Amino acid sequence: MRIVIVGGSKFGVATAEEMIGNGHEIVLIDRSRERLERLSDQLDCGLIEGDGTSPSVLREAHSSERDVLIALTNASDDNILTALVGRSVGFQRVIPQIISPELLEVCAELELTDTITPHATVAKSLCRALEEDTEVTEQLNLSHDLRLMRVDVCDGLDGVALGDVDVPERARAVAFISGEDEVLASADTRLSANAHVLFAVHKDDTKALKKAFS
């Protein structure tokens, strides 16, 4: 299969390496000549310098209707535009990476049904690992003193900013999960009753973390 990847980000390069290893023909597009020159010794694939949202650049990369276009820049809006332009120049399958959850609705309206949502995927994987009681600390390369812990948001914290909750110093919020929505947690994240927060926490502070959310 011939796969065109737009974006020489770490994710884009890692994806290219994996697909090259699986025997696929890869073409990588990036705006930075310097980055492509560095990657020329690392990747055994075609390299095109240019703007991945440009029709002329995508036409240069496109060879047949069986080609797949994957947009992996760090800007969701650019990835959406790349997907739309790619579809217009002949790519039958286009896959944009969407980092901003609010843009998923835009993708649905534009009938971009194939999307990559890394933040949501990571959060789901973490939660699934916790629910299945697997060795998540080993999977995530956490130290032996750290644990992954999911805490429930009580009614008294409904509407409170996560940064205003008195959590232990050795606890870091990873993801906020409400229903089917998962987002990376930040100090500005507004909590809601019956939702959950996933933490990486020192093993000695798990009780204090539970208390902060009870």
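Readers should treat all values here as calculations from the given coordinates under stated rules, not as data from a laboratory. A quick note: this is a predicted structure, and the numbers were derived from the prediction, not measured. As a convention, Cβ positions derive from the backbone with ideal geometry for all residues, glycine included, and neighbour counts pool all protein chains shown.
For the reader, a short list of remarks on this structure follows.
- Scanning region 155-176 for residues being out of contact with any helix residue (DSSP H, G or I) (no Cβ under 6 Å at 6 or more places or on another chain) and of a type in the set (Val, Ile, Thr) gives a total of 2.
- Residue check, Val160 touching a Leu at 6+ places or on another chain (Cβ under 7 Å) and surrounded by fewer than 17 Cβ atoms within 10 Å (Cβ to Cβ): yes
- Spans of strands (runs of 3 or more DSSP E) in region 1-77 with at least 2 residues surrounded by fewer than 18 Cβ atoms within 10 Å (Cβ to Cβ) and in contact with a strand residue (DSSP E or B) (Cβ under 6 Å, 6 or more places away or on another chain): 46-49
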